[in-house]
Amino acid sequence: MDKLYEEFCASQEEIETARQDPQKSTSEKWVSVFQKVGKANLTNLFQIVSFVLSVPGSNAFVERIFSLMANKWSDARNRCSTDLIKTELQISVNMNMPCKDFFLAAQKDKELLGAVRSSKKYPWKNK
């Protein structure tokens, strides 16, 4: 606990300077503190800040996933397996491109198309 207090005291001026900048987000402010003072000099403080910033501020993301899941698992698709719904959710949440762009990209990827057609699913993923 003494080391943490020493780290805080050593970085207090930089923390105060970072707090004064209204244009930066909380994480950007901490990044600037760690860059100026040095992450190696603030190991305990870094662990605490990393933990605190990793905790979500609300359950909005979880609620969004449940909403998307309800849309995918409708009455018309009630016989879908949980694995199928899980995979669809992972793709829709993690892909940052419109369906049309993904379709065009998938059409050009010969290795992906070959893997989809084969009985051995996605061997290229293990490379």
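The values are calculated or read from the model by the stated rules, or taken from the named source; none is laboratory data. Owing to the predicted nature of the structure, the values given are computational and were not obtained by experimental measurement. Cβ sites come from the backbone with ideal geometry, for glycine too, and all protein chains shown count toward neighbours.
Checked against the criterion of being within 30 Å of Phe102 (Cβ to Cβ) and of a type in the set (D, E, K, R), the candidates Asp83, Asp2, Asp21 yield just one match: Asp83. The one condition from (1) in a loop (DSSP other than H, G, I, E, B); (2) within 30 Å of Ala106 (Cβ to Cβ); (3) polar (S, T, N, Q) that Ser58 does not meet is (2).
Residues checked against (1) surrounded by fewer than 10 Cβ atoms within 10 Å (Cβ to Cβ); (2) without any contact (Cβ under 8 Å) to a residue 24 or more places away in the chain:
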site	(1), (2)
Trp30	no, yes
Gln35	no, yes
Leu42	no, no
Ser54	yes, yes
Arg64	no, yes
Asp75	yes, yes
Thr82	yes, yes
Pro98	yes, yes
Ala106	no, yes
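Name the single residue that is modelled with the lowest pLDDT among those in segment 104-122 being part of a helix (DSSP H, G or I) and of a type outside the set (A, V, I, L, M). Here the answer is Arg117.
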